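*Asks:* Shown below is the structure under consideration.
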Amino acid sequence: MNSKTFQDTGDPITRGRYWADEAEALLSTIEQDTVSFPLLQGLLAMFCYEGNLGLGTKALPYYFRAMDVYKGLNNVDITKQQLGVDEERTKQGRVASSWCIWGRGTQALGLRKLTRKPVFPKVWREPDFPLLLPTSSSHWWYPYPISLQVQKSLKVEIREVDALLSEVVEEALDFIYPDENEAPPSKNPQLALQFYRSIVNWKQNCPNQLRLEDAVLPSAILLHISAEVMLTAILRPFTNMNKAQFGKFDPRERCYAHASNLASAIWTYRSFAVIRFEYWLTHALGTAAYIVVGGTEDAPVQMDTLTRACQCLYEMRSTLPLATDILCGIRIALKQSKERIPAFMDKFFDRIIHRKDGLMHHSVASLLPDSIDMTQNSSNQDIQLQELLNRLEDIGVD
C-alpha cells in the first residue's frame, strides 16, 4: 500500500480518506434528482469505501441513493439519438450504458432487491460488441503466475451467466425476505426446492471454462461463490425440518455441505489471488462460518469449514475492519453455542475489537436455528450482527 494515501501516518485503515472526503463534498453539491452513470458509479464507490473503511451510517445512504439513480437510468431510452450527437457516438453510448447498468443490475449484495432487472438490451450478444473482438485489449488477460500465455478474458461469457443467475437470485431474495403481509418462506418448501434446483441447474449448465473445477479466472470463481451463498440462504429457513418434512433431502445437512463448498470455493480463489483486499468476500466468509457454528464438535468437515473461513478473515483483518467485526461475531456465536474449538484457533480471535459504528452493525448474522425446537420461527435467527456484538461485555472474548 502507498503510505501517501494514508490520512493518518502509519494507519492503513485511513487510506483513501482524502479522496473520500473530497468525493463527499462534491456529492453534496449534486441535486438529489440528478441521474447519470458517473454519479451511479461514484455513489457505489462511496458505499464500498465507507462500508469497508469508514462508517456504516454513511455507507447505507450512499447505497439507497445509488438505487434511486439506477431506477432513473433504467427509464432512459438509450436508442434515441440526442440532438448534436453523431450516430457513432450514440452507438458507443448505447453499448457503454447497457454494459454498465447490467453490471449493476446483477449485484444483489445479499439484500432484497430494491430494483428490478434492467430494461436495456443485452448488447454483448451482438456480434460487433467491442469485448468480443480480438483487437480489444480487454478481450485478453494474462493468468500469471498460472501461465505466461495470453488467454481470453471471457468477460462477455461471464456477464451472460451472471445475468442468468441474477434472474433466479432476484426472485429467490423476494421469497427469502417477504413483504410484511406475506407468508414466511418456511411455509413453502416446494418453492424453495424450485429455486434450489434452478441455481443447481445454472451451475451445471455453465460453459466448461466457467465451471468451478475448470475456472482460473477470479471473476468466474466469484460467480460460484455467489451461487453457494444463495443456496445456503434458500435452505437456511428450513434447517429445523427433517427430510420427511422438507422433501428430497435433509436441509440442515445440505446447508452444511454448501457452507463447505462455499469455504472451498473461497479457498480456491485465495490460491489464485491476494485475498487481503477482497472486501466482497467478507459477507460470504461470514455466511460459511455462521452456518456451521453450533455443529462443529465431532464434525471435522464443519470444523474445516469454520477454520478456512476464519483463516481467510484473519488474513484480511489488517486491511479490512469488516473482517475483524465478523471474527468478533463468530467468537461470540461460538461462546453462546458452548462448543469447544481447537487451541490453534485462538489466534483468530486474539486481541480483536469490533467497530460499533461499522457497516456490520447493519448486517445480518444468519445463524442456523436449533433443530430441536421445531416451533421456532427460523426468521428469528436473522439477527442484526450488532445484537451479537453487543454481548461482548457479557460473554467475553478470552
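*Asks:* Of Lys248/Lys338; Lys187/Lys243; Lys122/Lys155, which pairs sit farther than 20 Å apart, going by alpha carbon to alpha carbon?
*Replies:* Over 20 Å apart, Cα to Cα: Lys248/Lys338.
*Asks:* Another question about this same structure. Using 0.36 nm per residue of separation minus the Cα-Cα distance, give me the extension gain between Glu31 and Val76 in nm, one decimal.
*Replies:* Net length gain for the segment: 14.4 nm.
*Asks:* While we're on this one: Please arrange His283, His258 by counting, for each residue, the other beta carbons lying within 10 Å of its beta carbon, fewest first.
*Replies:* His283, His258
*Asks:* Given labels modelled 7 Å from the Cα in the Cβ direction, how far is it in nm from Glu180 to Gln336?
*Replies:* 2.5
*Asks:* With a cap of 11 neighbouring Cβ atoms within 10 Å, and only residues DSSP puts in a loop, list the trypsin sites (Lys or Arg not before Pro) found in the range 1-105.
*Replies:* Passing both the DSSP loop test and the Cβ count: Lys80.
*Asks:* Hey, got a sec? Which GluC sites (Glu not before Pro) in the range 257-333 land in a DSSP loop and have at most 13 other Cβ atoms within 10 Å?
*Replies:* Passing both the DSSP loop test and the Cβ count: Glu297.
*Asks:* Still on this structure, I have one more. If I stretch the segment between Val85 and Leu191 completely, what's the gain in nm (0.36 nm per residue apart, minus their alpha carbon distance), one decimal?
*Replies:* Net length gain for the segment: 33.3 nm.
*Asks:* If you don't mind, there's one more thing I want to ask. Fully extended, how many nm does the chain gain between Thr9 and Val216 (0.36 nm per residue separation, minus their Cα-Cα distance)?
*Replies:* 70.8 nm
*Asks:* Separation between the Ser318 and Val200 pseudo-spin-labels, each 7 Å from Cα along Cα→Cβ, expressed in nm?
*Replies:* 4.2
*Asks:* Say the dipole of the range 96-247 comes from +1 at the beta carbon of Lys and Arg and -1 at that of Asp and Glu; which of Gln151, Leu231, Ser136 then lies farthest toward its positive end?
*Replies:* Towards the positive end, the residue furthest out is Leu231.
*Asks:* Mind checking the range 233-317 for trypsin sites (Lys or Arg not before Pro) that DSSP puts in a loop (not H, G, I, E or B) and that have at most 16 other Cβ atoms within 10 Å?
*Replies:* Those that pass, being in a loop and sparsely packed, are Lys248, Arg276.
*Asks:* Then there is this: Once you place label points 7 Å from the Cα toward the Cβ at Ala299 and Phe64, how far apart are they in nm?
*Replies:* With each label placed 7 Å out from Cα toward Cβ, I get 3.7 nm.
Coordinate-derived values only; no laboratory data. Note that the structure is predicted; figures quoted are calculated from it, not measured. Every residue, glycine as well, gets a Cβ built from its backbone with ideal geometry; the counts of neighbours run over all protein chains shown.
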